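Enquirer: My structure is below; once you've seen it, I'll send some questions.
Every number in this text was worked out from the coordinates using simple rules, so none of it is lab data. Given the structure is predicted, the values throughout are model-derived calculations rather than measurements. For neighbour counting, all protein chains shown are included, and Cβ atoms are generated from backbone atoms with ideal geometry for every residue, glycine included.
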Amino acid sequence: MTQEIVIETKDLQFVYPMTTEPVLKGINLTIKKGEFICITGPSGAGKTTLSLALCGAIPHLVNGDMSGEVFVKGVSSKKAHIADLCKQVGVVLQDPEAQLFSLSVFSDVAFGLENFKFPPEEIIKRVDWALEVVGMQNYKDRSPSALSGGQKQRVAIACSLAMGPEILVLDEPTSELDPMGSEEVYAVLNKLNQQGVTIILVDQKVELIAPIADRIIYMRDGQILSDREPHQFFAEYRDQYLKGEKIDFFIPSVTALSYKLFQRFGAKMDPVPISVEEFITSYQKWEASLAEGND
C-alpha cells in the first residue's frame, strides 16, 4: 500500500519584504504520513522559512511574496483557512516561553481548545491526554515559569498535540536546551512518531536525531542539496569529511570514528553506523572478516 502524502511543495519560492533575493528557491519536497523528517543546514539556509510555509504561516501570517505551492493533505495552503491548517499541522517554536503565558500548565494546553470553543469535558480529556503523552501529567497545576527548559518544551508540544494534528512541525526546539533537556524532547517526538504523528523537525543536533529519523534533508542558500535516509546521508559525506572540507552540520561521533577506521585500516562498515549499537555490531563484523581473511 502506498503511503499517503500529507505535505507536498512544488517549486516553492519566497521573498521577504524589502529584499530581492529569495530565501526559498524552488523547493520540491514530498512528505508521507508517519515519516520523521529532520531538516538541517547552516544559519540562513532557509530552514525556518520552509517550516513556516509547511504549517501555513506563510502565506497567511508572514508578509512576503510566495510563488509555487504547498499542499497539506492535498489542499493548497493558499486556499485553506489558517484555522483549518492549525488543526492539521501543529507548530512548536524555538523558544517555548513564546507559547507559554498562562498561570498554569493546564491553562496553557487548554488555550487553543478554548479558542476553538471545544466543550469543557472534551478540553479536559484532550489536555489530560496530551500531558500524559509528553510525560507532564503531574505538572498540570504548576506554573510554566517553574519548569526546566526541557519541561517547558514538552508542555509546548502538548499545546500543539491537544489540537489533534496529524503533523507536527518543530523549529529548533532544543537549541536552548542542555543535553538532558534535548533527550527529553527527542524521546517524546520518537514516541509520537511511533504512534503515527508525522514529525518535521528543524534542528542542528543531527547526531541525536539520526537514529530515529527516516530522512535527513540538508539545506543551503534556500535549496535542498540532499534528501536521504540517515545511513545514506552520512555515507555521502565521508570523503568530504576525510579531506577536511567544511561540513556545517554535526557528524555523529561513531560515524566519524567509522570514517577514520576506513581511512586508516580500510574498515568497510556497511551501512555506515549512526549509533553506538550499530557501531559495535559493524565493528564486530569487520573484526570477524579480518580473522577469516576476507577483508
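Enquirer: Give me the one-decimal nm value for the distance between modelled label points at THR19 and SER289, 7 Å along each residue's Cα-to-Cβ direction.
Expert: Those two pseudo-labels are separated by 4.6 nm.
Enquirer: OK, next. Pick out which of THR255, THR30, THR281 has the largest mean-square fluctuation in a Gaussian network model of the chain, springs linking Cα atoms closer than 10 Å.
Expert: Largest GNM mean-square fluctuation: THR281.
Enquirer: With a sphere of radius 11 Å drawn around the Cβ of ASP171, what net charge do the other residues whose Cβ falls strictly inside it have (Lys, Arg +1; Asp, Glu -1)?
Expert: -2
Enquirer: Per-residue ellipticity at 222 nm for the chain, helices alone: DSSP H runs ≥ 4 residues times -39500 (n - 2.57), over residue total, nearest 500 deg cm²/dmol?
Expert: The helix-only estimate for the chain comes to -12000 deg cm²/dmol at 222 nm.
Enquirer: So what J values fall out for region 119-135 if you push phi through Karplus, 6.51 cos²θ - 1.76 cosθ + 1.60 with θ = phi - 60°, rounded to Hz, Gly and Pro as x?
Expert: Couplings: x, x, 5, 5, 4, 4, 4, 5, 4, 4, 5, 5, 5, 5, 4, 8, x Hz.
Enquirer: What is the ratio of the Cα radius of gyration of the chain to 2.2 N^0.38 Å, with N the residue count, to two decimals?
Expert: Working it through for the chain, the quotient is 1.09.
Enquirer: Please tell me which of these pairs span more than 30 angstrom C-alpha to C-alpha: LYS10/LYS205; LYS32/LYS78; LYS152/LYS260?
Expert: LYS152/LYS260
Enquirer: Turning to a different aspect of this structure: Could you size up the charge dipole of the chain around its Cα centre, putting +1 on the beta carbon of Lys and Arg and -1 on that of Asp and Glu, and report it in debye to the nearest 20?
Expert: It works out to roughly 300 debye.
Enquirer: How high is the relative contact order of the chain, in percent, with contacts defined as C-alpha pairs under 8 Å that are six or more residues apart?
Expert: For the chain, the relative contact order is 21 percent.
Enquirer: What fraction, in whole percent, of alpha-carbon pairs in region 245-291 exceed 14 Å separation?
Expert: Value for region 245-291: 49 percent of Cα pairs lie more than 14 Å apart.
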